[in-house]
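Nothing in this text is a laboratory measurement; each read-out follows from the coordinates by a stated rule. Only a predicted model underlies this, so the values are computations on that prediction, with no experimental measurement involved. Cβ: placed from backbone, ideal geometry, glycine included. Neighbour counts: every protein chain shown.
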């Protein structure tokens, strides 16, 4: 639960303006002193890269249609994640346990094992922000700060789940067992590619068999 940079979307007029500036830069390139050409060349390279990035903007991230929170509750094992600062110390045995509270919120308890063998536990709470689907939640480990927790893929039998947030900066693959079946893992990797994530960024922590 532990939660690519967001592409910039621009309209056609903006791109035309950028290209016009690029054309002007190229036209005047030969007229500038040699000492300034390196700077000009760098600017042109930057502008070209910007155009390429803008043309590759992704559609908004979507969630699964519906999540049964009673079935989703319980223990999950972290199979893979995008690197993040708040799990920097976690070396292995990363789990998240969710339980429904009487006040309608969700209790969250994360555990992991550090490189030195010591364990680390973090407790927080969550709340549903989209009751129609139950797939969009807000999670807080340090009140009053909340982070998005979107369930973007979910096995029909709730054997595995994929969690992220609107900007695609964080990503987790969770499983009910310490190891995923190879076929399930391949399917999830294919699915996160479809959703605009880069599987090459994933790190896979060690999990002990229970």
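For this structure, a couple of remarks:
- Computed FRET value (nearest 0.05) for residue 116 with residue 66, which takes r as the C-beta separation and R₀ as 41 Å: 0.45
- Subtracting the Cα-Cα distance of residue 194 and residue 133 from their residue separation scaled by 0.36 nm leaves 19.9 nm.
- When only Cα pairs below 8 angstrom with a gap of at least 6 residues are kept, the stretch 69-201 shows a relative contact order of 21 percent.
- Exposure proxy ranking for 63, 119, based on other Cβ atoms within 10 angstrom of each Cβ and starting from the fewest, stands as 119, 63.
- In plain terms, the chain from residue 109 to residue 75 could stretch by 11.3 nm, reckoned as 0.36 nm per residue minus the Cα-Cα distance.
- Remark: the residue 57-residue 125 segment gains 21.2 nm on full extension, using 0.36 nm per residue and subtracting the alpha carbon distance.
- A protection proxy built from the mean count of other Cβ atoms within 10 Å ranks the segments 203-209, 187-193, most packed first, as 187-193, 203-209.
- The ranking of 164, 123, 140 by Cβ neighbour count inside 10 Å, starting from the fewest, reads 123, 140, 164.
- Between the stretch 133-210 and the stretch 58-114, the alpha-carbon centres lie 8 Å apart.
- Label point at residue 167 placed 7 Å out along Cα→Cβ; residues across the stretch 84-105 whose backbone nitrogen lies under 19 Å: 84-88
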